[in-house]
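Reading through the structure tokens given below for one structure.
The values are calculated or read from the model by the stated rules, or taken from the named source; none is laboratory data. Bear in mind the structure is a predicted one, so any value in this text is a computation, not a measurement. Cβ placement follows ideal geometry from the backbone for every residue including glycine, while neighbour counts extend to all protein chains displayed. Each accessible area value is taken on the protein alone, full model and side chains, heavy atoms only, with ligands, DNA and RNA left out. Shrake-Rupley method; radii C 1.70, N 1.55, O 1.52, S 1.80 Å.
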Amino acid sequence: MLEAKIDTHTHTIASIHAYSTLLENINVAQKKGLTGLAVTDHAPGLGVGETFPKSYFGNMRKAIPEIVNGIRIIKGVEANIMDYDGNLDLPTSTFQKLDLVIASCHEKVVKPASVEEHNQIWENIAKNPWVDIIGHSGNGHYDFSHEKIIKLFKEYDKIVEINSSSFPHRKNARKNCYDIALLCKKYGVKITISSDAHFATDIGNFAESFNMLKEIDFPEELIVNRNLETLIEALPKLEK
Ligand SMILES: [Zn+2]
Ligand SMILES: [Zn+2]
């Protein structure tokens, strides 16, 4: 049975366009039997009024306990890819203070362009040592050469996100995620399943992703967020 005990991509009111507090998210995680929760609000590149300033991210490890209500809290960020060179919107000094970095393309920040430009983004992100997870990889606004780039993610040991909220919301996400997951299976690339919740009740909602992964008989050992041990194995910096 496919399982994921940690939600690796969730938002709080610090993302402004999300509607629950961290503690509300934690309480839902607890009710659903999760053992870990990554808080990954949007970094400031999304624009004024869309997120809190960078000091919010720098203070998380100091302010938030490691375990709350039995849930391991992973302090992360969803960084914005700012341009086709794959530059991100937080300095290294902030990434150093975090447990987990997701890098994502958002239409508001980096305009969808050609496959070549999207390939260039992911080639540079693959080489960025601060990036752990490739955010909503299946977003059809940013088509890329799947086989070529997935092989690169393998080479640079990146974790590809299968984002459950993408299926209803992002262009061609189901078809793309299916194709990407098949290639991850073929090349042995690690994946994580996330809710990308913007409201507490969505925490741990992985059903859409699991249905798709079952269809392709995806190997469970490549799912890094099965439990805390497997996540720490994939992201040794989580170990305290
Ligand atoms: Zn996003
Ligand atoms: Zn998100």
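A few comments on the model shown:
- At least 3 residues being under 23 Å from residue 238 (Cβ atoms) is the threshold, and among the helices (runs of 4 or more DSSP H) wholly inside region 49-137 those reaching it are 55-58, 60-63, 92-95.
- Region 104-138, residues that are within 15 Å of the chain's Cα centre (by Cα), away from ligand 2 (no atom under 14 Å from the Cβ) and surrounded by 22 or more Cβ atoms within 10 Å (Cβ to Cβ): 122, 125, 131, 132
- Number of the condition not met by residue 185 [criteria: (1) more than 15 Å from residue 135 (Cβ to Cβ); (2) surrounded by fewer than 20 Cβ atoms within 10 Å (Cβ to Cβ); (3) out of contact with any Phe, Trp or Tyr (no Cβ under 6 Å at 6 or more places or on another chain); (4) in contact (Cβ under 8 Å) with a residue 24 or more places away in the chain]: (3)
- Of all residues in region 9-30 being of a type outside the set (S, T, N, Q) and part of a loop (DSSP other than H, G, I, E, B), the one that is farthest from ligand 1 (Cβ to nearest atom): 19
- Hey, residue 60 touching a strand residue (DSSP E or B) at 6+ places or on another chain (Cβ under 6 Å), on the phi < 0 side of the Ramachandran plot and free of Cβ contacts under 8 Å to residues at least 40 places away in the same chain or not: yes
- Counted residues, region 152-166 - those being open to solvent by 10 Å² or more (accessible area, probe 1.4 Å), within 16 Å of residue 223 (Cβ to Cβ) and part of a helix (DSSP H, G or I): 1
- Scope region 193-230; condition within 16 Å of ligand 2 (Cβ to nearest atom) and on the phi > 0 side of the Ramachandran plot; matching residues: 196, 204
- Residues (closer than 13 Å to residue 202 by Cα and either within 16 Å of ligand 1 (Cβ to nearest atom) or not in a loop (DSSP other than H, G, I, E, B) (or both)) located in region 31-45: 31, 37
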